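Note sheet for the following structure.
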Amino acid sequence: MEYIKSKIRDVVDFPSKGIVFKDLTTVFKDPRALHIIGWDLSQVYRDKGVTKVVGIESRGFIGGSILAFELGAGFVPARKPGKLPADVICAEYAKEYGVDVIEMHRDAIGPDDIVVIHDDVLATGGTMKAAYDLVKSMGPKKIYINFIIELSALKGRQNLPADVEVTSLIAY
Ligand code: AMP
């Protein structure tokens, strides 16, 4: 874990003043760190029968795909509006200014699925809560939530359902 931590780059004042952006491109470009991430992310779910990993656009696509591959599960994207080609369902969530929307294909998840929803960073939790609501509406057997990084000071977990197992590899 210390090795992964050493590869995370803090970018000050990005995308706006006062934000310290946790840049994971410096982790993903390092072969050893990428390998460790895949292994460490997947350990928690090895015996859980996971059938689908949902990755949130766009940085969640990277860890989510690796996690799906490690678990022998399928990968499902949760995307920004207008990107998915077939019939979609959508959820709105509050951003710092205004609202944002996230979409998934209506047939992406079924009642037999056991799902992990993955994103790179948990900040306020708004994005993940919207993705959770979409997945939940498709009625899977079980939902887990997963992040590489959790920014604990922002208390994002408080915005996520209390009865859902939330796992993050690294907490700041
Ligand atoms: P949230 O506030 O939890 O809805 O976060 C919104 C999105 O922005 C998530 O997908 C995160 O990946 C990203 N994000 C928010 N804050 C940061 C940060 N400090 N560093 C990197 N990514 C962030």
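Each value in this text was obtained by applying a stated rule to the coordinates, not by laboratory testing. Every value quoted in this text rests on a predicted model; they were computed, and no experiment measured them. Every residue, glycine as well, gets a Cβ built from its backbone with ideal geometry; the counts of neighbours run over all protein chains shown.
How would you rank His105, His35, His118, going from fewest to most other Cβ atoms within 10 Å of each one's own Cβ? Can you show the working numbers first?
Numbers: His105 17, His35 11, His118 30.
In increasing order of surrounding Cβ atoms, one gets His35, His105, His118.
If you stretched the chain out fully between Asp47 and Phe69, how much longer would it get, using 0.36 nm times the residue separation minus the C-alpha to C-alpha distance? Please report the intermediate quantities before stating the final value.
On the way: separation 22, 0.36 × 22 = 7.92 nm, distance 1.48 nm.
Computed gain between Asp47 and Phe69 is 6.4 nm.
Holding the Cα-Cα limit at 20 Å, pick out from Lys95/Lys129; Lys80/Lys136; Lys52/Lys155; Lys7/Lys129; Lys22/Lys155 the pairs that are longer than that.
Details: Lys95/Lys129 12 Å; Lys80/Lys136 18 Å; Lys52/Lys155 27 Å; Lys7/Lys129 28 Å; Lys22/Lys155 16 Å.
Over 20 Å Cα-Cα: Lys52/Lys155; Lys7/Lys129.
Report the GluC sites (Glu not before Pro) located in region 90-171 that are in a DSSP loop and have at most 12 other Cβ atoms inside 10 Å of their Cβ, or state none. Could you put the intermediate results ahead of the total?
On the way: sites: Glu92, Glu96, Glu103, Glu150, Glu165; in loops: Glu96, Glu165.
Here the GluC sites (Glu not before Pro) that fit, given the DSSP loop and packing criteria, are Glu96.
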Sort Thr167, Thr51 by Cβ crowding within 10 Å, fewest neighbours at the top. Thr167, Thr51
Final fewest-first order of Met138, Met104, Met1 on the 10 Å Cβ neighbour count is Met1, Met138, Met104
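Based on Cα coordinates alone, diagonalise the gyration tensor for region 49-171, multiply each eigenvalue by 5, take square roots, and list the semi-axes in whole Å, largest first.
Over the Cα atoms of region 49-171, the semi-axes work out to 20, 18, 13 Å.
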